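Laboratory data are not the source of any read-out in this text; all were calculated from the coordinates shown. Note that the structure is predicted; figures quoted are calculated from it, not measured. When we count neighbours, we look across all protein chains shown, and the Cβ atoms used for this are built from the backbone with ideal geometry, even at glycine.
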Amino acid sequence: MTIASRPAAGVLEEVRLSIHHRHGSRHLSDALGSPAGPLGALAGLPDLGGRHLSDLLFLDTETTGLGMGAGTLVFLVGVGRFEAGSFVVRHFFLEEPDREGDFLDAVLDHIGRAPGLVTFNGRRFDLPQLETRLILNRRGPCLPGISNLDLLPVARRVWKLRLESRSLSSLEGHVLGFVREDDVPGWLVPSFYREYLLTGNRGRLKPVFHHNLRDILSLVTLACHLGAWADEAAAGRPPAGAHPLEMVGLAHACEAAGWGPQSTACYGEAIARGLDAPHQHRTRERLGRVYRRLGQHDAAATVWQQAIAAGSPSPVPYVELARHYERVRGDLTQALAVVNAAIDRLDLSSLQRSALSRRAARLCRRMGMSGRQPAY
């Protein structure tokens, strides 16, 4: 790792690392040749097709607070990019608040031609903060044309069931194999800048720059991790090393992106790898509904039958299977038998029991029968 001071206008520090640098369980070189398209699609950015993760810029900001108003300054912007066999992180620093316009111009000049940015919560925090500062400095909203691959929404879906916290530091420890030592907590960062403004001592900011550098390196490795999983899922190959709950989360992400067949593959693999009973029941419900939306009615019916056989306490698989018999197969007798089974077997709320009783009565009327028939 080499560090250069003031290598370009607006850049206080430039850190150059070998692409073979290891951050946690991954090397930075993992981004080379890793397609950005599948991960972009999961994040709602279809325009990244044909790009690689190494084509994108990795951006993280440090601010004087978490508020989104005019009183919050962006005082440090770290931007990482792959260049000629190296990964280079440039730190743009607001040395004097009254020179904010020049600071923002330097940042824009650096990122304005990028094919895309990779951020973590950039959609709701980093980029809106920059937009606010640009407008207040009469630069206008200059960022909307840049694609922002925000990893946080995808990470939240993938690890919602597996991890209690989906913060970057939590993902570092539980997913990326990286543990921070002697790091500045994010909530303390603003105080370091305030101290700098009072004393002019830039040396006190070294921990903040190091904190930002680690954030950017984690962005690279998290993008590689999610990108590899997205690439495998897109090809219909559920990731081999994923925990069953991570498979459910990845299936959720695929489903949200409109990848129906890919989501069914991930849901099915999650069940096959072993889920506890509550997660298994809920996963089968989602799997059956995706099959139904895809028009694969027999596959959906099989899932509902498996859910019932596995002892699902929910009326959902019974209702869905009854609908299948009634609307797809036209078998009212079987539909009524499934509804009656739900009434007999399940611990139902009064509302659920009432709804099932009305369904049974309606089926009886259609069959020209009176009263409730025995369950099968």
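Just a few scattered comments:
- Distance between modelled label sites at residue 276 and residue 294, nm, 7 Å Cα→Cβ extension: 2.9 nm
- Both numbers refer to the Cα atoms of region 1-112; Rg and Dmax are 15.9, 42 Å.
- What the phi angles of region 256-266 give under the Karplus curve with 6.51, -1.76 and 1.60, with θ = phi - 60°, is a coupling list of 5, 7, x, 8, x, x, 5, 5, 5, 5, 6 Hz, glycine and proline written as x.
- Annotation: peptides 206-216, 53-63, ranked by per-residue average of other Cβ atoms within 10 Å with the highest first, follow the order 53-63, 206-216.
- Highest mobility in the GNM of the chain, judged by mean-square fluctuation with C-alpha springs under 10 Å and restricted to 199, 333, 64, is found for 199.
- Based on C-alpha pairs under 8 angstrom that are at least 6 apart in sequence, region 244-367 has a relative contact order of 15 percent.
- The slack between residue 345 and residue 123, meaning 0.36 nm per residue of separation minus the straight C-alpha distance, is 75.2 nm.
- Legend: calculated FRET efficiency, residue 83 to residue 202, from the Cβ-Cβ distance at R0 = 22 Å, rounded to 0.05, equals 0.30.
- Remark on region 252-376: hydrodynamic radius 15.1 angstrom, per the Kirkwood mean of 1/r across alpha carbon pairs.
- The ranking of 98, 47 from fewest to most other beta carbons within 10 Å of each one's beta carbon is 98, 47.
- Placing +1 on the Cβ of every Lys and Arg and -1 on the Cβ of every Asp and Glu, with nothing else charged, gives the chain a dipole about its Cα centre of roughly 1860 debye.
- Convex hull volume per residue for region 251-311, taking Cα atoms only, in Å³: 66 Å³
- Region 51-67 - phi-based ³J(HN,Hα) in whole Hz, Karplus 6.51/-1.76/1.60, Gly and Pro as x: 8, 10, 4, 6, 7, 8, 9, 10, 10, 8, 10, 10, 10, 7, x, 9, x
- P(r) tail fraction, region 122-206 - alpha-carbon pairs more than 23 Å apart, %: 50 percent
- Restricting the calculation to Cα atoms, region 142-284 shows an Rg/Rh of 1.10 when the hydrodynamic-style radius is the Kirkwood one.
- For region 36-42, the Karplus equation 6.51 cos²θ - 1.76 cosθ + 1.60, evaluated at θ = phi - 60°, returns couplings of 8, x, x, 5, x, 5, 5 Hz by residue, with Gly and Pro reported as x.
- The charge dipole of region 34-192, taken about its Cα centre with unit charges on the Cβ atoms of Lys, Arg (+1), Asp and Glu (-1) only, comes to about 740 debye.
- Annotation: the residues 224, 254, 266, sorted from fewest to most other C-beta atoms within 10 Å of their own C-beta, follow the order 224, 254, 266.
- Radius of gyration and maximum dimension Dmax of region 275-337, Cα, Å: 11.1, 35
- Among 309, 175, 199 - extreme Cα towards positive end, dipole of the chain, charges at beta-carbon: 309
- Rounded to 10°, Cα long-axis angle of helix 189-199 versus longest principal axis of the chain: 20 degrees
- Rel. contact order, % - alpha carbon contacts under 8 angstrom, at least six apart, the chain: 13 percent
- Estimated translational D of region 2-234 in µm²/s (Stokes, Kirkwood radius over Cα pairs; 37 °C; 0.692 mPa s): 182 µm²/s
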